[in-house]
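Engineer: Before I ask anything, let me first share the structure, which is written out below as structure tokens.
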Amino acid sequence: MILEQYNGPVKLLLENTAGQGTELGLTIRALVEIRKASKYPEKIGYCFDTCHAFAAGQWDEETFDKLLEDMEQTGYLDNLICIHFNDSKVPYGSRKDRHEKIGKGEIGSDALAKFLRSEKLQHLPVVLETPVDDEQEYAEEMVYVRNLQG
């Protein structure tokens, strides 16, 4: 009903989940199917969350190329609008949504750097969505992320 009435320039973004409980959107293919099922797919885009994908067992350094291939083949990449860039407090495949500061968690610097350096993702805005005690910590994380980009 909301999409039927909305005609603005902003899209509704579907974000991948970590797979806790009965959440929808565990895989990019599931999100693509949700968008396809809508009467208004042109009003829907995607936000990819690195922590969620890692915790869901959908992405790590070894599976990154497969993930990008799936993103391209399904049309997900064409409608990817932004990245929530987080590390993970929990191990790969744990299905828990627990964000960690960049470089302090389970994902690893190499995987995070590989993600950021991908030519297919470099045009997208990257939003830090990490837990901090003080906003100044974001400045430190931004420097860390820029160093990861190379």
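The values are calculated or read from the model by the stated rules, or taken from the named source; none is laboratory data. Bear in mind the structure is a predicted one, so any value in this text is a computation, not a measurement. Positions of Cβ are backbone-derived with ideal geometry, glycine not excepted, and every protein chain shown enters the neighbour counts. What goes into the accessible areas is simple: the full protein's heavy atoms, side chains included, and nothing from ligands, DNA or RNA. Shrake-Rupley method; radii C 1.70, N 1.55, O 1.52, S 1.80 Å.
Engineer: From the cross-link list 11/120; 39/114; 66/89; 36/104, which pairs have alpha carbons spaced over 26 Å apart?
Structural biologist: Going by Cα-Cα distance, 39/114; 36/104 fall outside the 26 Å limit.
Engineer: Just to confirm, what accessible area per residue do you get for region 105-150 at 1.4 Å probe, in whole Å²?
Structural biologist: 65 Å²
Engineer: Further question on the same structure: Rounding to the nearest 10 and keeping the result within 0 to 90°, find how far the Cα-based axis of helix 64-74 lies from the longest principal axis of the chain.
Structural biologist: The two axes meet at around 10 degrees.
Engineer: Give me the dipole magnitude in Debye, nearest 20, for the chain about the Cα centre, with unit charges on the beta carbon: positive for Lys and Arg, negative for Asp and Glu.
Structural biologist: Result for the chain is approximately 480 debye, rounded to the nearest 20.
Engineer: Among 53, 19, 32, which residue has its Cα furthest toward the positive end of the charge dipole of region 8-56, with +1 on Lys/Arg Cβ and -1 on Asp/Glu Cβ?
Structural biologist: The Cα lying farthest towards the positive end belongs to 32.
Engineer: Report the label-to-label distance for residue 73 and residue 104 in nanometres (one decimal), using points 7 Å from each Cα along the Cα→Cβ vector.
Structural biologist: Going from the residue 73 label point to the residue 104 one covers 3.8 nm.
Engineer: Under 5 Å between amide hydrogens, which residues at least 5 positions from residue 100 or on another chain qualify, with H placed 1.01 Å from N in the peptide plane?
Structural biologist: 87, 88, 89
Engineer: Here is a follow-up. Give the distance, in whole Å, between the Cα centre of region 1-66 and the Cα centre of region 132-146.
Structural biologist: So the separation of the two Cα centres works out to 26 Å.
Engineer: Roll a 1.4 angstrom probe over the protein heavy atoms and tell me the percent of accessible area of region 18-150 that is carbon or sulfur.
Structural biologist: On the way: 3300 of 7110 Å².
Answer for region 18-150 is 46 percent, counting heavy atoms of protein chains only.
Engineer: Extension gain residue 39-residue 10, at 0.36 nm per residue separation less the Cα-Cα distance, in nm? Walk me through the numbers on the way to the answer.
Structural biologist: Numbers: separation 29, 0.36 × 29 = 10.44 nm, distance 1.67 nm.
Additional length available on full extension: 8.8 nm.
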